[in-house]
Amino acid sequence: MKRVSFAVLALAVPSAAGSLGAQSLLYRPPNLGGTWVPDGGVVQFNFVHRFYVAPSAGGNKVTNFPTFTLAVGLSHELALGTHYGSNSLVVNLPGVYRPNETELFARWRVVGEEGKPGFTVALTPAYNAAARSADGEVSVDYTVGRLTLTGAARGVSKAFGQDTARAAFGGGAVFRVSNYIAVSTDAGGFASGHVPAAWSVAIDFVIPGSPHTFSLQASNATTSTIQGNSIGFNKMLYGFEFTIPLHLKRFSPWFHKNPKPVALGGAAGAAIAANVRMSSVKFVGETVTIAAGQAVRWTNADPIEHTVTFDGAAEPGSPVIPPNGSYVHRFDKPGTYAYHCTPHPFMKGVVIVR
Ligand SMILES: [Cu+2]
């Protein structure tokens, strides 16, 4: 078998979304590691869950193949992370079965930005602790309009935990049907030996008003590591992936339990005739009625930021209202003023001015 350095050559993969922040499934097919790098100060937690169902003595049995990704962005271009699969079939030789597969990886995006038009290139050196193998991937994305084409060249020093260096290649595509929905597919496999190739197809969603993406997938690969993405098994697995960027800033309420009250807006001498609480990501007091020339006060009782943003810009609306902040606005003209929260468009309310 010829020796392949793990500084492979290549093309490939996915991407996270420029426009969505790090790591969107709308730019990355399921079995390609990609060019995504979490933003600095963001911890990325992704969860892939695949399964098949087979009859057993006690009824149908579900066999699960989860892979967790935990990665942290060190800068705009550099990340460190780990993939962990708890039911891996990658190292499954006679006498050597290691179902717990841990892959430590770094990712350095050397060209471009995922989700942006043009080429993006990333290098992913890795160590697969189950295979005891130095692995690596070079990924290239090309994005034009709604389409992202991806390719990957992979090298592993001990494929399947055997003492054999091998090269693998993968390629795929994502087509964004809209800003919220995409379809994606990929295939990849080892260049040598008689190892079945891995493949996947998926439908991918942005969860509106959130930084999360979700995909429903079918694939024959068990784990989302460089080796796992290169080996197909003899079963069709179904499953999903959920991507969770955790902005460390979100946890600031843990350390600032009672943020100082911040008063925004003003009544300009008018009486405050109604109070609306922003609580549990809802406007409590969804509809309030006041007289012309009176004011409404909104108070943010949540640990997250909200806004009061009038539909069709009927009134100027608030700046970002921090936790424990309030906003007062006077209404001078009779009318029905529907409003929402910009970060949470499902938060809606109405002010009726008589
Ligand atoms: Cu909100």
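Points to keep in mind about this one:
- Scanning region 54-79 for residues that are farther than 25 Å from GLU113 by Cα and at pLDDT below 95 yields a total of 10.
- Output for region 296-325, where each listed residue is assigned to a strand (DSSP E or B), more than 27 Å from the chain's Cα centre (by Cα) and surrounded by 21 or more Cβ atoms within 10 Å (Cβ to Cβ): VAL296, TRP298, ASN300, GLY325
- Test result for VAL144, touching a residue at least 40 places away in the same chain (Cβ under 8 Å) and in the same structural domain as PHE240 (by TED's automatic domain parsing): no
- Residue within region 329-340 that is within 30 Å of LEU248 (Cβ to Cβ), within 16 Å of the ligand (Cβ to nearest atom) and out of contact with any Gly (no Cβ under 8 Å at 6 or more places or on another chain) present: no
- Leading residue by the ranking (farthest from the ligand (Cβ to nearest atom)) among those in region 261-307 that are without any contact (Cβ under 8 Å) to a residue 24 or more places away in the chain and farther than 15 Å from PRO322 by Cβ: GLY269
- Residue check: LEU147 meets all listed conditions (1) buried (at least 24 other Cβ atoms within 10 Å of the Cβ); (2) under 19 Å from the mean Cα position of the chain (by Cα); (3) of a type in the set (A, V, I, L, M, F, W, C); (4) farther than 19 Å from VAL37 by Cβ but one, namely (1).
- Residues satisfying the stated conditions in region 267-295, i.e. more than 29 Å from the chain's Cα centre (by Cα) and among the charged types (D, E, K, R): ARG277, GLU286
The values are calculated or read from the model by the stated rules, or taken from the named source; none is laboratory data. Quantities reported herein were computed from a predicted structural model and do not represent experimental measurements. Don't worry about glycine lacking a Cβ; one is built from the backbone with ideal geometry, like all the others, and counts go over all protein chains shown.
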